[in-house]
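Undergrad: The structure's right below; bear with me while I get my questions together.
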Amino acid sequence: MELIVAVALTCILSAVLALLVLVADAVLLDYGECTLTLNKDKEIKLEGGGSLLAALMDNKIFIPSACGGRGSCGLCKVKIHKGGGEVLPTEEPYLTVDEVKDNIRLSCQIKIRNDLDIEIPEELLSVKEYQTTVEKLTDLNHDTKYVRLRLAEGDEIDFRAGQFIQFQAPPYGSNPDPVYRAYSIASPPGDKTHVDLIIRLVPKGICTTYVFEVLQEGDKVTINGPHGKFCLTGSSEELVFIAGGSGIAPILSILADMREKGIDRKARFFYGVSTLRDLYLFDEAKKFEGELPGFEYIPSIARLAPDEAWDGETGLVTDVLDRHIKEGQVKEAYLCGSPGMIDASAEVLHRKGIKDNSIFYDKFS
């Protein structure tokens, strides 16, 4: 009992100290107004104290961030010429040695304490914010929703199949601030007035809880984009798509784009889910077999209950991939899903002779 009490008191003390640090940082440290020099030719006045990522977003400059600024995706990279301070331990796992030498940093981890001189790719300056309306909101299964957003009258979004947008969950309940999360676009680029999303519930996730418990058809949603480079190359080589769960979204967009553009490449799509109830959009994916020459859809169920009927593949998607792909047969691969699934699939692909520079992936953080 004494040990339990000691541990509890330690946890409480740590929480109080962390809260005091946050209060002191917010109240006692006044950094005032700081100047941000962007790409050498633009100056922006910023209020000190917040993160660089949030400040840029407030000024309608949208740096991609799949995790909403939590420092867990490593996407929000910018080059800091001056004022960024030392690289933080929270950044190190996401930066290569060469990136550190080149002053690349995670904008979500940089706090604005002084004037900054930064550089971002010019294409990010063309990323736009859009006001949309929820046109359709349906359940795909027990923990995944299909969301169709309609852009405002007269607006269009130009994107490439495989890219993503950032979705804003407004303040609600105990969440006092707007929060952005990244979701891949499932609709084809040919439809410039809609954005289709496939959103899986993350327990206690701020944005997914909003989508599942608050969002209704007819509601307004702010998004920005497009972001990302998870797009087909111009190669004509045989390829494979590998996805799990909501990772099916960008693959559906790419397949629809291939159909619309008449892209004739031999391709197989390996889609893995845990249980039969996790399998959705089967008919939509299977239909591409009759629309794309040389295309095959191969879904797999990892755990099948004794009383469930399923005549398809069973086991982990990596095992199914290993059984179907011969060494040297495939030259290009596109992977989308959890980091664990992607890493395991990449190992299989390496054994089959596919090189790193021909493996493209979109890891969901």
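Undergrad: Which of the following values of mean projected area of the Cα convex hull in nm² was calculated from the structure shown: (i) 16.1; (ii) 23.2; (iii) 17.8?
TA: So the structure-derived entry is (ii).
Undergrad: Per residue of the chain, what 222 nm ellipticity follows from adding -39500 (n - 2.57) for every DSSP H run with n ≥ 4, rounded to the nearest 500? Mind dumping the intermediate values first?
TA: On the way: 8 runs with 86 residues, N = 365.
My calculation for the chain gives -7000 deg cm²/dmol from helical runs alone.
Undergrad: Net charge around residue 144, counting only other residues with Cβ within less than 9 Å of its Cβ (Lys, Arg = +1; Asp, Glu = -1)?
TA: Working: positive: 145, 200; negative: 139, 143, 278.
Charge balance in the 9 Å sphere: -1.
Undergrad: Expected output is a single nm value to one decimal: the length gained when fully extending between residue 158 and residue 39, i.e. 0.36 nm times separation in residues minus the C-alpha distance. What is it?
TA: 40.4 nm
Undergrad: Taking K and R as +1 and D and E as -1, what net charge do the other residues with C-beta under 15 Å from the C-beta of residue 71 add up to? Intermediate values should be presented prior to the final figure.
TA: Details: positive: 70, 77, 105, 111, 181, 363; negative: 91, 92.
Every neighbour counted, the sum reads +4.
Undergrad: Name the residue from 321, 97, 174 whose Cα lies farthest towards the positive end of the charge dipole of the chain, charges +1 on Cβ of Lys and Arg and -1 on Cβ of Asp and Glu.
TA: Working it through, the farthest residue towards the positive pole turns out to be 97.
Undergrad: Rounded to the nearest 20 debye, what is the charge dipole size of the chain about its Cα centre when +1 sits on each Lys and Arg Cβ and -1 on each Asp and Glu Cβ?
TA: On the way: 40 positive and 56 negative charges, 53 e Å.
Dipole magnitude for the chain comes out near 260 debye.
Undergrad: A further question follows. Please give the charge dipole size of the stretch 33-124, origin at the Cα centre, charges +1 on K and R Cβ atoms and -1 on D and E Cβ atoms. Round to the nearest 20 debye. It would help to have the intermediate numbers written out before the result.
TA: Details: 12 positive and 16 negative charges, 38 e Å.
Using only the charged Cβ atoms, the result is roughly 180 debye.
Undergrad: While we're here: Quick check: the distance between the Cα centres of the stretch 138-177 and the stretch 56-123, to the nearest angstrom?
TA: For the stretch 138-177 versus the stretch 56-123, the Cα centre distance is 25 Å.
Undergrad: Using the alpha-carbon centroid of each, what span in Å lies between the stretch 266-312 and the stretch 246-262?
TA: Here the two parts' Cα centres lie 15 Å apart.
Undergrad: At a Cα cut-off below 29 Å, give the lysines reachable from residue 136, other chains included and same-chain residues fewer than 8 away excluded.
TA: 60, 128, 145, 192, 204, 220, 229, 261, 286, 287, 363
Undergrad: I would also like to ask the following. Starting from the Cα gyration tensor of the stretch 239-363, take the square roots of the eigenvalues, sort them a ≥ b ≥ c, and report rounded, prolate or oblate (rounded when a/c is under 1.5, otherwise prolate if a/b is larger than b/c, else oblate). Don't skip to the end; give the middle numbers.
TA: On the way: a/c = 1.61, a/b = 1.13, b/c = 1.42.
Oblate shape, in that a/c is at least 1.5 and b/c is the bigger or equal ratio.
Undergrad: In percent, how large is the relative contact order of the stretch 140-218, given Cα pairs closer than 8 Å and 6 or more residues apart?
TA: Values: 114 pairs, mean separation 27.1, N = 79.
Worked out over the stretch 140-218, it gives 34 percent.
Undergrad: Can you give the % of DSSP beta bridges in the chain that are antiparallel, to the nearest 5? Don't skip to the end; give the middle numbers.
TA: Numbers: 45 of 73 bridges.
Counting only bridges with both partners in the chain, antiparallel ones make up about 60 percent.
Undergrad: Something else now. Fewest Cβ neighbours within 10 Å first, please rank 271, 172 accordingly. Let's see the in-between values first.
TA: Values: 271 25, 172 15.
Taking fewest neighbouring Cβ atoms as first place, the list is 172, 271.
Undergrad: Report relative contact order for the chain in percent, whole number only (criteria: Cα-Cα under 8 Å, sequence separation at least 6).
TA: Details: 711 pairs, mean separation 46.3, N = 365.
The normalised contact order for the chain reaches 13 percent.
Undergrad: With a cut-off of 8 Å between alpha carbons and a minimum separation of six or more residues, what is the relative contact order of the stretch 160-297 in percent?
TA: Here the relative contact order equals 26 percent.
Undergrad: Oh, and also: Given 0.36 nm per residue, what is the gain on full extension from residue 222 to residue 59 after removing their alpha carbon distance, in nm? Mind dumping the intermediate values first?
TA: Values: separation 163, 0.36 × 163 = 58.68 nm, distance 1.49 nm.
Full extension of this stretch gives 57.2 nm more.
Undergrad: Rounded, prolate or oblate: pick one for the stretch 127-227, where a ≥ b ≥ c are the square roots of the eigenvalues of its C-alpha gyration tensor, a/c under 1.5 means rounded, and failing that, prolate if a/b is larger than b/c, else oblate.
TA: Working: a/c = 1.66, a/b = 1.41, b/c = 1.17.
Verdict is prolate for the stretch 127-227.
Undergrad: I would also like to ask the following. Quick check: pseudo-label points 7 Å beyond the Cα along Cα→Cβ at residue 347 and residue 305, how many nm apart are they?
TA: If labels sit at residue 347 and residue 305, their model points lie 3.1 nm apart.
Undergrad: Next up: Springs between alpha-carbon atoms under 10 Å, Gaussian network over the chain: tell me which of 176, 250, 293 tops the mean-square fluctuations.
TA: 176
Undergrad: Grab the beta carbon distance between residue 263 and residue 115, set R0 = 56 Å, and tell me the FRET efficiency rounded to 0.05. Intermediate results must be reported in sequence, preceding the final value.
TA: Details: r = 48 Å, r/R0 = 0.86.
Efficiency computed from Cβ-Cβ geometry: 0.70.
Undergrad: A further question follows. Would you look at the GNM of the chain, springs on alpha carbons closer than 10 Å, and say which of 253, 51, 184 moves the most?
TA: Looking only at 253, 51, 184, the biggest GNM fluctuation is shown by 51.
Taken together, the values in this text are just the output of simple stated rules run on the coordinates, not laboratory data. Note that the structure is a prediction, hence the values are computed from the model and not measured. Positions of Cβ are backbone-derived with ideal geometry, glycine not excepted, and every protein chain shown enters the neighbour counts.
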